[in-house]
1. Do you know which of the residues in segment 70-119 that are in contact with a strand residue (DSSP E or B) (Cβ under 8 Å, 6 or more places away or on another chain) and charged (D, E, K, R) is farthest from the ligand (Cβ to nearest atom)?
2. Failed condition for Y105, given (1) within 26 Å of V136 (Cβ to Cβ); (2) touching a Ser or Thr at 6+ places or on another chain (Cβ under 9 Å), with all others met?
3. Among the residues of segment 181-203, what is the count of those that are in a loop (DSSP other than H, G, I, E, B) and of a type in the set (A, V, I, L, M)?
4. If you go through segment 40-53 one residue at a time, do you hit one that is under 19 Å from the mean Cα position of the chain (by Cα), modelled with pLDDT of 95 or more and either under 22 Å from F122 (Cα atoms) or within 16 Å of the ligand (Cβ to nearest atom) (or both)?
5. Filter segment 120-150 down to residues that are among the polar types (S, T, N, Q) and within 16 Å of the ligand (Cβ to nearest atom) and give me whichever is surrounded by the most Cβ atoms within 10 Å (Cβ to Cβ).
6. Go through (1) free of Cβ contacts under 8 Å to residues at least 60 places away in the same chain; (2) assigned to a helix (DSSP H, G or I); (3) surrounded by 13 or more Cβ atoms within 10 Å (Cβ to Cβ); (4) not hydrophobic (A, V, I, L, M, F, W, C) for T22 and report which single condition fails.
7. If you take the residues in segment 154-168 that are under 21 Å from N89 (Cβ atoms) and surrounded by 15 or more Cβ atoms within 10 Å (Cβ to Cβ), which one is nearest to the chain's Cα centre (by Cα)?
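The values are calculated or read from the model by the stated rules, or taken from the named source; none is laboratory data. Only a predicted model underlies this, so the values are computations on that prediction, with no experimental measurement involved. Glycine gets a Cβ as well: all are built from the backbone with ideal geometry, and neighbour counts include every protein chain shown.
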Amino acid sequence: MLIGVGLGPGDPELLTLKAVETLKKAHKVYVPGRLAADLVAPYAQADILDFPMLTDYDVLNAIWKKNADMLAEESKDNLVVFGLIGDPNFFSTFTHLKRVMNKFYPEVETATIPGISSITSFAAQADSEVDSSFEVSDGSEKKYRIRLKASRPSEIIDSYEREGYSKFTFCERLFSPQELIITERDKIPEKGNYFSIIFAEKE
Ligand SMILES: C[S@@+](CC[C@H](N)C(=O)[O-])C[C@H]1O[C@@H](n2cnc3c(N)ncnc32)[C@H](O)[C@@H]1O
């Protein structure tokens with residue numbers, strides 16, 4: 001199994017318990033750079049994988065494929081961890097590695113463990129607060145929307161569809177025994193719990 005583990009924003013005390021336990025259990029740990037290797041060091045010795053900062057998509061794809069080829073065999077029967085800064089599903093090298101792995105090696109199971117992202121953790125250091133809607137951008141086209149307090153999911157999705165969003169994930173009481181995740185549009189209920197999120201995507 002190949003797991004992308006979020007290591008938090010850089011403070012060695014901001015790794016989650018689950019990240020630490022997974023690093024300790026891992027057969028092999030890989031990271032994309034020195035900062036991540038240092039965060040992992042108390043729990044495992046990491047190998048640095050080559051993930052250069054390039055913009056040529058063809059060259060990048062070839063590098064992601066090369067890394068997937070290298071990790072596929074050992075990830076099939078062992079726990080292999082790829083540790084990275086912040087969260088593994090937000091602007092992350094792991095997203096590409098996982099996509100290529102799923103495409104060329106579907107027999108390798110993949111998963112992620114969330115980490116504390118720079119997107120939320122900056123606020124503590126900068127003594128800032130966010131209590132209204134906001135935008136996170138890396139300069140690329142806007143394709144996603146995250147709606148908190150989605151207690152009237154169907155109504156919210158109707159309005160997002162009018163704005164061109166076409167794929168929706170409704171999440172309720174995540175990480176609890178009552179966790180509910182619905183991806184089929186016609187199964188998303190009229191009413192939801194306060195602890196609910198809609199993830200909307202433009203395809
Ligand atoms: C490729 S993205 C990785 C984001 C990461 N997966 C996350 O969840 O925070 C790299 C960008 O994240 C931001 N970033 C990550 N860690 C940071 C930190 N400790 N301080 C400031 N910005 C940070 C910077 O904007 C940087 O250019």
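1. Here the answer is E74.
2. Result: Y105 fails condition (1) only.
3. 1
4. Yes.
5. Restricting to residues being among the polar types (S, T, N, Q) and within 16 Å of the ligand (Cβ to nearest atom), the top hit is S121.
6. (1) is the only condition that T22 fails.
7. By that ranking, first place goes to F168.
Residue-by-condition table, conditions (1) among the hydrophobic types (A, V, I, L, M, F, W, C); (2) more than 14 Å from the chain's Cα centre (by Cα):
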{"residue": "T16", "(1), (2)": "no, yes"}
{"residue": "G33", "(1), (2)": "no, yes"}
{"residue": "A37", "(1), (2)": "yes, yes"}
{"residue": "T55", "(1), (2)": "no, yes"}
{"residue": "M70", "(1), (2)": "yes, yes"}
{"residue": "K76", "(1), (2)": "no, yes"}
{"residue": "F82", "(1), (2)": "yes, no"}
{"residue": "G86", "(1), (2)": "no, no"}
